[in-house]
Amino acid sequence: MKNFWKNTGWTLLCFLPVLISILVQLLLGVMLSVVFTIVGMIQLGAFDPTDAAMFQQLNEYVLEQAAKYSGAMIFGYHIIALLGFGLWYYFACGRPKITNPIKAFRGTALPTVIIFSFGLCLFANAFVLIAQYVAPNAMAAYMELMEAAGMGVDIFAILASVLLAPIGEEILCRGLTYYYAQKAVSRMNNRHVAFWIANSLQAIGFGIMHLNLIQGLYAFILGLGIGWLRERYKSLYPAMLAHFVVNFSSTFIMGYLLAPIPESFLSAVLLMVASITVCAIGVLLSRKGEV
């Protein structure tokens with residue numbers, strides 16, 4: 001019974017970084033809304049909260065400014081997350097040494113990571129295409145969220161997604177969350193099963209922190225794959241590179257790659273098959289190199 005409660009405690013603790021990440025994002029959003037509201041009230045002059053027209057004008061101003069600066073807010077969050085979770089990971093997880101990244105990519109590690117993560121990127125895009133047909137309402141909400149965040153358009157959102165997220169989110173999920181999840185399964189005799197339980201826990205956290213159904217579902221699968229790379233090469237560097245490849249490819253490559261493909265459910269399914277095939281090639285390649 002003692003071990004049960006200890007394992008339960010570690011399991012709950014592994015979701016604490018994700019919860020704090022969400023709270024920080026919400027807090028930043030609230031703080032900016034307050035700032036925009038104050039600025040808007042100053043610009044309106046003598047603000048009368050009982051004036052419906054004036055209140056509507058203020059609300060529109062706040063929403064306009066929030067949309068305008070959403071990319072900057074995302075960038076700011078990732079800076080805070082990188083510093084905060086980086087220090088947490090360093091001091092709470094045994095003060096891991098900062099090793100030479102080149103050592104993590106010996107043998108076939110580098111091509112394995114690139115091929116496998118590109119397959120994950122194909123999977124995410126295939127998942128989104130399929131979701132357009134099987135879950136149109138959830139897909140509409142997802143697209144609205146992406147547009148509001150300025151993904152693929154706003155320079156700050158792009159920099160956050162391509163450069164900061166692959167470092168900060170890997171430290172959070174494949175670093176902190178995975179570390180605590182491993183503690184929760186440390187007494188299991190079957191290490192293979194223990195890994196996949198711990199890996200699933202961190203992937204669930206990775207999905208939850210995206211705060212929408214569509215992205216959360218495919219982020220869970222991506223989290224499983226990147227978690228496998230992290231365990232396969234016993235390092236966060238391959239996970240960071242994989243995250244970079246996924247986000248970079250989604251931002252700068254997939255639009256051109258998928259443009260000639262007819263938009264249909266069959267095309268989406270075939271793209272899903274292609275993604276699984278590419279990932280399988282990456283797995284097979286990983287077995288040819290000694291790390």
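The values are calculated or read from the model by the stated rules, or taken from the named source; none is laboratory data. Here the structure is a predicted model, which means the values were calculated and not measured. In this analysis, Cβ positions are derived from the backbone assuming ideal geometry, glycine residues included, and neighbour counts consider all displayed protein chains. In case anyone asks, the SASA skips ligands and DNA or RNA and just uses the protein heavy atoms, side chains included. Shrake-Rupley method; radii C 1.70, N 1.55, O 1.52, S 1.80 Å.
According to the Cα gyration tensor, what semi-axes, each the square root of 5 times an eigenvalue, does the equivalent ellipsoid of the chain have, listed from largest to smallest in whole Å?
Numbers: eigenvalues 258, 130, 62 Å².
Gyration-tensor ellipsoid for the chain: 36, 26, 18 Å.
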Between Leu284 and Val24, how many nm apart are label points set 7 Å from Cα along the C-beta direction? 4.1 nm
Keeping every protein chain present and rolling a 1.4 Å probe, give me the accessible area per residue for the stretch 7-85 in Å². 59 Å²
How do Asp154, Asp51 stack up against each other in accessible area, from largest to smallest, with a 1.4 angstrom probe? Asp51, Asp154
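Note the direction-averaged projected area, equal to a quarter of the hull surface, for the Cα convex hull of the stretch 23-110, in nm².
9.2 nm²
What accessible area per residue, rounded to a whole number of Å², is obtained for the stretch 162-206 using a probe radius of 1.4 Å? Before the final figure, lay out each step's value.
Values: 1620 Å² over 45 residues.
Averaged over the residues of the stretch 162-206, the accessible area is 36 Å².
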Label-point separation, Met54 to Leu163 (7 Å along Cα→Cβ), nm: 4.4 nm
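On the protein heavy atoms, probe 1.4 angstrom, tell me the percent of accessible surface of the chain carried by carbon and sulfur. Don't jump to the answer; show the numbers that get you there.
Numbers: 11030 of 15560 Å².
For the chain, the apolar C and S fraction of the accessible surface comes to 71 percent.
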Where the convex hull is taken over the Cα atoms of the stretch 252-291, what is its projected area averaged over directions, in nm²? 3.8 nm²
Tail beyond 18 Å, pair distance distribution of the stretch 93-247 (Cα, percent): 61 percent
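List the equivalent ellipsoid semi-axes of the stretch 145-186 in whole Å, largest first, each obtained as the square root of 5λ for an eigenvalue λ of the Cα gyration tensor.
Values: eigenvalues 182, 22, 4 Å².
Over the Cα atoms of the stretch 145-186, the ellipsoid semi-axes are 30, 10, 5 Å.
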Segment Leu12-Phe252, extension gain: residue separation times 0.36 nm, minus the distance between their alpha carbons: 82.7 nm
For the stretch 208-291, dividing by residue count, accessible area per residue (probe 1.4 Å) in Å² works out to 51 Å²
So, how do all the Cα-to-Cα distances of the stretch 164-288 break down into 10 Å bins, in percent, from 0 on up? 12, 39, 34, 12, 2, 0
